[in-house]
Amino acid sequence: MSTTIERDAALVGDMTLTNLSPLQSALFTKTGGVAHGVTRRIPDVQPAEANISYTAPRDRVEAWRMRQLWSASMGIDAQTLAVPYQVHGSGVAIVRRRQAGSGAAPGSKLVAKADGVITGDEGVALMTTHADCLPMLLYAPETRVVAAVHAGWRSTVTGVTRNTLRTMYSVFHVDPDEVLAFIGPAICRACYEVGPEVERAWSLIDPSDSAGAIVRTGDRLSFDLVAANRQFLIADGVQPENIEESGFCTRCQGDQWFSHRGQGPLTGRFGAIISLNGRY
Ligand SMILES: [Zn+2]
């Protein structure tokens, strides 16, 4: 592992991309024992602005190069990435070390069809991909379990966050009390106009909208992904002081983040990555 990381670090130097700085959680960094980060959009990095997605029409070779560089910047070997096929659902998958590399390099098979992925193994790095949908990284430092969640409105209202926490508990005996949560850049409630189906779905979860997740301005409805997912975390026993929010909106701050609504469907994706392995 260490030789691979050294090789990737050398690669960074060769590529003159020595200053890649992923967004990281202060809470995770302070706690230690985990390698993680959220990649960014960098308009100056051409041709693809530091995109990490392989979906057409994007350049897979360039995206793989960026996955390697971004991973190295977090102390992670890109060959150990495990990437799910995200379906805007609430399904959760357990990822094992033997699945490291599934969905990592171009052409490799994605690890599972799921919007939440969990591992208790070292040597595998979970990665979800985003362009407005909320990324959430979870870390249980005592039990040594990590998770990555991709939450747009559908995954949010169908309970992907709850399912992830409950699977961490049922499979790995992770007490929500020890879970640290990092909520990354997502489209903000001012930018995220939604249809009445979202309000209907949310009203079944939080009838009085105590989370303040639905915002109505005249005829316009919008949804607060951060508030809604925070509500799920707290309802399932995560301590409020263990929840960290990045505060970034992908659309308002589109110069730093890929945004489907801001830049259109052909824009790139950024990745949220977490691993129990790596250079801490
Ligand atoms: Zn915004």
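The values are calculated or read from the model by the stated rules, or taken from the named source; none is laboratory data. If you're wondering where the values come from, they're calculated on a predicted model, not measured in any experiment. Backbone-built Cβ (ideal geometry, glycine too); neighbour counts: all protein chains shown.
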* Answer with yes or no whether Ser246 is buried (at least 23 other Cβ atoms within 10 Å of the Cβ) and of a type in the set (Gly, Ala, Ser). => no
Of the candidates Arg154, Arg144, Arg98, the one satisfying the condition of being closer than 28 Å to Gly264 by Cβ, over 15 Å from the mean Cα position of the chain (by Cα) and at pLDDT 95 or above is Arg154
Within segment 87-111, residues being surrounded by fewer than 15 Cβ atoms within 10 Å (Cβ to Cβ) and among the β-branched types (Val, Ile, Thr) number 1
By residue number, the members of segment 255-280 that are within 22 Å of Asp115 (Cα to Cα), within 13 Å of the ligand (Cβ to nearest atom) and assigned to a loop (DSSP other than H, G, I, E, B) are Trp257, Ser259
If we take segment 139-210, then helices (runs of 4 or more DSSP H) inside it with 3 or more residues that are out of contact with any His (no Cβ under 9 Å at 6 or more places or on another chain) are 160-172, 196-205
Restricting segment 234-254 to residues that are charged (D, E, K, R) and under 13 Å from Leu138 (Cα atoms), the one farthest from the ligand (Cβ to nearest atom) turns out to be Glu244
**Study point:** Ile118 vs. criteria within 16 Å of the ligand (Cβ to nearest atom) and buried (at least 21 other Cβ atoms within 10 Å of the Cβ)
**Key:** no
Residue pairs within 9 Å by beta carbon, gap of at least six or interchain, first lying in segment 183-210 and more than 23 Å from Ile243 (Cβ to Cβ) and in contact (Cβ under 8 Å) with a residue 24 or more places away in the chain, second near the ligand (Cβ under 10 Å from one of its atoms) and among the charged types (D, E, K, R), listed first then second, are Glu193/Arg261
